[in-house]
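Peer 1: This is the structure, below, for whatever I ask next.
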Amino acid sequence: MALTDKMGRAVFKKLSLTRTKVLHAVQPMRGYWLLFLVLIFVLGSNWVLFLTPFALFSHEIVRVLTGHIPWMLIGIMAGTLFFSRLWCSVLCPTGVLLSLAARLWLFRYGLAGNCVHCEKCTRTCSVGTAPSNTGVVKEGCLACGDCQRVCPARAIAWQRSSWRGENSQLVPVDDIAATKRQESRRKFFKAAFAVAMAAALWKKTVWAAEKALRPPGALPELEFTAVCNRCGRCVQVCPSNALCPMPITDGLANFETPHIVPRRNRCDLCLACQKVCPTGAIAEVPLEKIRMGKAVIDKPRCIAWNEGKMCYICGEQCPVLAINADEYHRPIILPDKCVGCGSCENACPIDGEAAIRVFPN
């Protein structure tokens, strides 16, 4: 992100001040955002972990390797070009945690020499925390050292944490915190109320999506979405490309979790996904105990049932022999044998929606 930010500053030189102003305008919301994410995580949904750097970038790399467009990574880079370190400083939970931890630093960059007021440090700082006006870097400093490197007078150095007050005297950080304690309390209670309301609404919206057809051996739905870390390994090893990540339109809890769309690709029941799942969201279940879903015949659409034509393709493609033919050579489902692999739905010859569909358990 540092390289992307430098590119943004080089390309949009006239907008450098605007980029920093936008960042400063939204920075006060990062504490509320972190509180919201923590609450969501405590409620049992781990999609929050997807926003952490390791999980996010490893997932996007897998998308590239599997031939998909890394939309999240592209969006973050575009946001960095136009809005400086917006992602790192405000939206990334890891970045926000590190920023809050920075308040405990015993040392930080500050003016330790004769400042010539060239403001090179101000123009160089990507997050607008240079010490030119305050005597010490502001909250949100990334400790990248750019301000120190560009200072022609070598006036910036590490020093004990302090702040310059209105009378230009250095004021200890603890004193500043004490003067703002009452205001912080009000902000906290407002944030807690807002997050509580958001959590109440979240419960109704996140699970609004239809139940998905999950990989063979997947845990029950609520457990699966709570345990799956969206790493994409199962998607990558699937030989038939049956597994694909769910879009954000299916709800935050389902976002980027693997599911099967039988009409597009069927599950070959190779069980490779079980072997690579690092979290146990896809348990190692033997083939005879796999029950992903059940096939249902839409008789008005089925040409064997509705038109009396000879068609038994679904039965021929079923790998577990869960489809038989009746006395009129029409397919019938044996529910006790059906595993929900989607082979029948995938092979159905009619145009559009298949005459036999697999519904998740």
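The values are calculated or read from the model by the stated rules, or taken from the named source; none is laboratory data. Every value quoted in this text rests on a predicted model; they were computed, and no experiment measured them. Cβ coordinates were reconstructed from backbone atoms using ideal geometry, including for glycine residues, and neighbour counts include every protein chain displayed. To get the accessible areas, we keep the full protein, side chains included, count just its heavy atoms, and leave off ligands, DNA and RNA. Shrake-Rupley method; radii C 1.70, N 1.55, O 1.52, S 1.80 Å.
Yes/no matrix, rows are residues, columns are (1) open to solvent by 60 Å² or more (accessible area, probe 1.4 Å); (2) touching a helix residue (DSSP H, G or I) at 6+ places or on another chain (Cβ under 6 Å); (3) at pLDDT below 75:
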site	(1), (2), (3)
Ala2	no, no, yes
Met7	yes, no, yes
Lys14	yes, no, yes
Leu17	yes, no, yes
Leu39	no, yes, no
Gly44	no, yes, yes
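Peer 1: Another one. For the range 92-123, which residues satisfy the criterion of being touching a residue at least 60 places away in the same chain (Cβ under 8 Å) and open to solvent by 40 Å² or more (accessible area, probe 1.4 Å)?
Peer 2: Of everything in the range 92-123, those that are touching a residue at least 60 places away in the same chain (Cβ under 8 Å) and open to solvent by 40 Å² or more (accessible area, probe 1.4 Å) turn out to be Leu97, Leu100, Arg103, Arg123.
Peer 1: Moving on. Residues of the range 327-349 being within 15 Å of Gly315 (Cβ to Cβ), out of contact with any Pro (no Cβ under 6 Å at 6 or more places or on another chain) and part of a loop (DSSP other than H, G, I, E, B), which ones?
Peer 2: Glu327, Tyr328, His329, Arg330, Leu334, Pro335, Lys337, Cys338, Val339, Cys341, Cys348, Pro349
Peer 1: Which one is most open to solvent (accessible area, probe 1.4 Å), of the residues in the range 133-144 that are within 37 Å of the chain's Cα centre (by Cα) and small (Gly, Ala, Ser)?
Peer 2: Here the residue is Ala143.
Peer 1: Something else: Hey, can you tell me all the residues within the range 56-91 that are open to solvent by 20 Å² or more (accessible area, probe 1.4 Å), closer than 22 Å to Cys141 by Cβ and within 15 Å of the chain's Cα centre (by Cα)?
Peer 2: Of everything in the range 56-91, those that are open to solvent by 20 Å² or more (accessible area, probe 1.4 Å), closer than 22 Å to Cys141 by Cβ and within 15 Å of the chain's Cα centre (by Cα) turn out to be Trp87, Cys88, Leu91.
Peer 1: Could you tell me how many of the residues in the range 304-339 are surrounded by 12 or more Cβ atoms within 10 Å (Cβ to Cβ) and aromatic (Phe, Trp, Tyr)?
Peer 2: So the count comes out to 2.
Peer 1: Considering only the range 197-240, state which residues are out of contact with any helix residue (DSSP H, G or I) (no Cβ under 8 Å at 6 or more places or on another chain), at pLDDT 75 or above and open to solvent by 20 Å² or more (accessible area, probe 1.4 Å).
Peer 2: Once the filter is applied, which keeps residues that are out of contact with any helix residue (DSSP H, G or I) (no Cβ under 8 Å at 6 or more places or on another chain), at pLDDT 75 or above and open to solvent by 20 Å² or more (accessible area, probe 1.4 Å), the range 197-240 yields Pro220, Glu221, Leu222, Glu223, Ser240.
Peer 1: Now for a different question. So, in the range 350-361, how many residues would count as being in contact (Cβ under 8 Å) with a residue 12 or more places away in the chain, assigned to a loop (DSSP other than H, G, I, E, B) and open to solvent by 60 Å² or more (accessible area, probe 1.4 Å)?
Peer 2: Here the count works out to 2.
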